[in-house]
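Colleague: The following block contains the structure, expressed as structure tokens.
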Amino acid sequence: MLVPQCYIELVPKEVDHPARRRELADAACRVIARHGLSGTTLAQVAEEAGWSIGSIRYYFPSKDELVASALWRVGERIDDRIRRRTAGGMTLADLRAAAVELLPLDASRREEALVHLAFMAQAAVVPALAEAAERAAQRLQAPLAARIAHAVRAGELPAHLDAEHEAARLRLLFDGLAVQLVTTPRRTTAKWALAILDEHLAALAASPAPVRGRHAAAAPRP
């Protein structure tokens, strides 16, 4: 049975709204990485994505919402890579694999680092962005904390370690490494960054248990 063409054209096309949001967020990431947060405009993102500004405003009514979506997208991309690299594994080797995904060692991860650092700098002076910044930090830290906790239970890491505390330390290490890698690329290399990561993990594995009950040094003899 033949269906009239006019009827076919009247059937509304199903839209994948989550996919469109990701597409726009990816475009925003590229623009932010090139121009910084203050230099990014909706018009630039629209041109990058091949969309009209009106279409972008349908999903993100303001620039702040679009920028927040870019930060969310960075976290989603990292989460996806960690799942692929570790296949759900929770060993110490998987912790290292997850950690490596947070370092800007290729073009895609450098873009993500630039977006993350730009947003953190803006959040320091725009209180309205502070909550999104905190959520982003926790999202990056969560897969590290889960694997540290598992490694402690499996005996690969010392039993006295606090997973959340050590994951926070690791994330702060990555923040510093990311700054150096994106701002001084001629002086820093992937090999250098990975060596620092491996040194940190080795020190973590060899970390001695804290000495309890010694609140003060012995008084000097007269």
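Colleague: If we scan region 47-70, do we find a residue that is more than 27 Å from residue 189 (Cβ to Cβ), in contact (Cβ under 8 Å) with a residue 40 or more places away in the chain and touching a Cys at 6+ places or on another chain (Cβ under 8 Å)?
Modeller: yes
Colleague: Of the residues 96, 77, 57, only one is surrounded by fewer than 21 Cβ atoms within 10 Å (Cβ to Cβ) and over 28 Å from residue 17 (Cα atoms); which?
Modeller: 96
Colleague: Being free of Cβ contacts under 8 Å to residues at least 12 places away in the same chain, of a type in the set (Lys, Arg), in a helix (DSSP H, G or I) and at negative phi, is that true of even one residue in region 106-122?
Modeller: yes
Colleague: Something else: Show the residue pairs that are 6+ apart or on different chains and have beta-carbon atoms under 8 Å apart, the first residue being within region 182-202 and without any contact (Cβ under 8 Å) to a residue 12 or more places away in the chain and within 15 Å of residue 102 (Cα to Cα), the second being part of a helix (DSSP H, G or I) and of a type in the set (Asp, Glu).
Modeller: Partner pairs satisfying both residue conditions: none exist.
Colleague: How about region 32-49: which of its residues are in a helix (DSSP H, G or I) and closer than 16 Å to residue 71 by Cα?
Modeller: 32, 33, 34, 35, 42, 45
Colleague: Among the residues of region 79-105, write down those that are within 15 Å of the chain's Cα centre (by Cα) and not in a helix (DSSP H, G or I).
Modeller: 101, 102, 103, 104, 105, listed by residue number.
Colleague: Are any residues in region 33-49 surrounded by 13 or more Cβ atoms within 10 Å (Cβ to Cβ) and small (Gly, Ala, Ser), and if so, which ones?
Modeller: Selection gives 33, 36, 46, 49.
Colleague: Which residues, counting only those in region 167-192, are more than 17 Å from the chain's Cα centre (by Cα), in a helix (DSSP H, G or I) and surrounded by 12 or more Cβ atoms within 10 Å (Cβ to Cβ)?
Modeller: 190, 192
Colleague: So if I check each of 164, 112, 134, which one is among the acidic types (Asp, Glu) and out of contact with any helix residue (DSSP H, G or I) (no Cβ under 6 Å at 6 or more places or on another chain)?
Modeller: The conditions single out 134.
Every number in this text was worked out from the coordinates using simple rules, so none of it is lab data. Given the structure is predicted, the values throughout are model-derived calculations rather than measurements. No Cβ is skipped: glycine too gets one built from the backbone with ideal geometry, and neighbour counts run over all protein chains shown.
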